[in-house]
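What follows is a set of notes on a single structure, which appears directly below.
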Amino acid sequence: MKNITICCVFIGTLFFNAIGYGQKLKTEQISYNYNRIPALPVKGINHYQVVFEAAFEAKNQQAINEYKQQKLAAEEKYRKDIAIYATLVKAANERYDKEMAEYNKKSFGSKVVEQTLLDNKKPVKETVSKPYVDFVAEPRLQTSYDYKTLADTYIKLEGYDNDPANALKIVVILYGYDYTQPRTMDEQQDNIRIGGSTGTATYKSTNYHAEFSYRHPMAVKVYTPDGKEQLSVTPPQLNSYKVYKSAATDQPARINTELLVKTTEQKVLQDNLSFINNLLNDRYGFSSVKRVATLYYIKDGDKDYPDLTNAFNEASSGLLMLQQDAASAKMKLQKSCDLWNNALKESNLSDKKARINKDITLGIYFNLLESYYAMNDADGGQNTLNKLNTLSLSNTDRRTKLDYDVIFSDLKNRQQHN
């Protein structure tokens with residue numbers, strides 16, 4: 001009995017050792033905001049102003065002027081025609097009266113002979129059409145906007161004051177909304193019917209949807225206060241056509257063309273101006289940027305991983321308070337990095353049962369990368385990436401590392417220009 005007990009204790013000890021560090025690595029997503037420095041800072045300038053130029057406004061005005069001229073010409077023609085209308089009617093009546101008088105003088109026999117042989121019929125009064133104003137179609141104009149409201153609403157250069165004094169001048173150029181007429185499209189679809197007396201059968205159905213193409217091309221230029229051009233770009237993303245497709249129905253769609261076109265115009269206008277605003281802030285702004293971080297932690301790790309649990313909690317808190325209290329947040333993040341780097345001294349990539357095995361090692365490295373990035377520590381991030389380059393990574397981990405390669409490369413470029 002004693003031997004059996006010892007054996008059981010020995011087996012239990014082996015089992016505990018086998019699973020003692022078999023804790024599961026978990027992830028948690030944390031949404032936070034960090035301050036991004038500009039890619040191309042403009043030193044010595046703290047103000048900006050925004051000017052909109054609508055290339056189509058001149059064409060709109062030209063079309064309006066031509067429309068007014070055509071309307072005036074049509075009205076002038078009407079006045080002339082109506083002025084002689086009464087005279088024409090009087091002359092027609094007099095001719096008719098004279099012809100009827102001559103016709104009535106003839107005998108019945110003469111009338112029959114002339115009608116039969118000479119095809120001379122009874123006189124008919126000439127109808128003089130009453131003049132009317134010729135229709136002139138209104139021109140199709142590009143939509144005009146309240147450009148000051150657009151500037152105040154959509155273009156905000158973060159880190160600068162909106163003031164024209166010694167300002168960076170931003171010129172947003174609108175080329176106008178371009179679209180094709182919406183139309184109803186149909187498409188055939190193969191279907192399978194299962195069940196019934198005939199078993200499985202195939203049949204075709206027709207679906208309908210509304211469709212049209214559209215674009216709202218724009219360009220942006222930036223000048224220093226002395227007029228030197230800093231940027232001139234027409235983003236290809238805003239110049240290419242997009243396709244609107246409504247949800248498919250089994251009946252032809254009834255299209256409110258005017259409403260559909262107008263609604264889409266408003267949306268693409270807002271989207272494109274947001275694109276330009278992001279482009280400007282990426283280059284020149286001191287922007288608050290939202291980022292979703294993935295931090296790794298040990299589930300139920302309070303006992304065997306108090307250091308990693310502490311590091312995770314400190315990092316989570318630091319990320320969330322990064323914009324409210326940057327100094328305290330970075331202290332918390334640095335404390336987490338110290339704890340993680342100390343834990344890496346125990347890393348054993350070949351032993352799955354080790355406290356800091358390969359999976360946990362990789363999780364720590366990715367936590368370090370996120371924390372270094374939040375602290376704008378490009379050197380710390382690059383050192384961590386160099387260590388990851390020596391490890392064999394899964395496809396998922398390799399993609400995660402590549403994402404960090406990209407953002408740390410961008411961070412280093414920004415720091416070099418600032």
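Side notes on the structure shown:
- Note on the range 221-243: among residues that are within 21 Å of residue 176 (Cα to Cα) and among the charged types (D, E, K, R), the one that is surrounded by the fewest Cβ atoms within 10 Å (Cβ to Cβ) is 242.
- Looking at the range 220-305, the strands (runs of 3 or more DSSP E) lying wholly inside it that each contain 1 or more residues that are within 30 Å of residue 321 (Cβ to Cβ) and polar (S, T, N, Q) sit at 287-298.
- Within the range 69-95, the set of residues being over 24 Å from residue 123 (Cα atoms), surrounded by 12 or more Cβ atoms within 10 Å (Cβ to Cβ) and among the basic types (Lys, Arg) comprises 71, 77.
- Residue that is surrounded by the most Cβ atoms within 10 Å (Cβ to Cβ) [pool: residues in the range 264-296 that are of a type in the set (Ser, Thr, Tyr) and modelled with pLDDT of 95 or more]: 284
- Positions within the range 255-303 being in contact with a helix residue (DSSP H, G or I) (Cβ under 7 Å, 6 or more places away or on another chain) and small (Gly, Ala, Ser), in sequence order: 274, 287, 293, 301
- Out of 275, 286, one residue alone is within 23 Å of the chain's Cα centre (by Cα) and more than 30 Å from residue 247 (Cα to Cα). It is 286.
The values are calculated or read from the model by the stated rules, or taken from the named source; none is laboratory data. Only a predicted model underlies this, so the values are computations on that prediction, with no experimental measurement involved. So basically every Cβ, Gly included, is an ideal-geometry build from the backbone, and we count neighbours across all protein chains shown.
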